[in-house]
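Okay, structure first, notes after.
Nothing in this text is a laboratory measurement; each read-out follows from the coordinates by a stated rule. Worth saying up front: this structure is predicted, and the values here are computed from it rather than measured. All Cβ positions, even for glycine, are placed from backbone atoms using ideal geometry, and neighbour counts span all protein chains on display.
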């Protein structure tokens, strides 16, 4: 398993870095669309859709929606991001009340709708941040990774109080605190490196902490859906690493909020 994880990471990491930071405009939108569409393929499984043909058709619908957003200029607009945040507010109520409110979202059609307000705003957020420059795109990626790393080590060392035991028994409030500490440090380092003033530094710190908390919800949402389906990974598209959604679940929640808030720091 470890050997397979290393092999996958060895080709995947350079490919993703080249696509995210070596492309812009339409090429960047197309590259990220492919990643999101792979996540959409996995989401059809999370939604309980059977049959390759039906799943491919639904991925095609997602692709069409992305094409329409790009053609209309909405792939760089704020309104899809706001719609995404409204959807995440619903996701929050379902995660925090799992399994009591399962009937509200368990129907396959509702889980598919959930996938639209998770995946489309995340793709729009990627495009918005790329238009602002590579720095803020890199920052949100580092934010999510730092939050994961900080949460892992703090949870292992100090985890006592469960965060959402019905959804993900391994996560703790101490882990959340560790993730916040790690991203706070990241924000302070970036603020210092960019020479931000006191006001902008404070805005960056507040934005970072808010996005860190939201990123936790992204992880919990996918855990809830996988628990409902009785599966461990969203797919085996990335040997040794699970699926695409397993790698970007936190990012899907972080991107829309960060893309809305970061212009206030610039």
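Observations on the structure shown:
- Cα gyration tensor, segment 38-125 - rounded (a/c under 1.5), prolate or oblate: oblate
- Segment 167-266: proportion of alpha-carbon pairs further apart than 22 angstrom, %: 40 percent
- Between residue 17 and residue 161, the C-beta separation translates, for a Förster distance of 22 Å, into a calculated FRET efficiency of about 0.05.
- Prolate/oblate/rounded call for segment 89-227, Cα gyration tensor, a/c under 1.5 rounded: oblate
- Distance in nm between pseudo-label sites at residue 109 and residue 153 (7 Å out along the Cβ direction from Cα): 4.9 nm
- Summed over qualifying helices (DSSP H, 4 residues or more, each -39500 (n - 2.57)) and divided by its residue number, the chain shows a 222 nm mean residue ellipticity of -26500 deg cm²/dmol.
- Within segment 226-266: backbone nitrogen closer than 20 Å to the residue 7 label point (7 Å, Cα to C-beta): 235-244
- Going through [x] 32; [y] 27; [z] 23, the figure that equals percent of Cα pairs over 31 Å apart as computed for the structure here is [z].
- Relative to one another, the C-alpha centroids of segment 78-134 and segment 187-202 are positioned 30 Å apart.
- Whole-number percent relative contact order across the chain, with pairs defined as alpha carbons under 8 Å at least 6 apart: 24 percent
- Choice from 61, 211, 144 with maximal GNM fluctuation in the chain (Cα, 10 Å cutoff): 61
- Contour excess over end-to-end distance, with Cα ends at residue 193 and residue 236 and 0.36 nm allotted per residue: 11.6 nm
- Residue with peak Gaussian network fluctuation, the chain [Cα springs, cutoff 10 Å], from 101, 229, 199: 199
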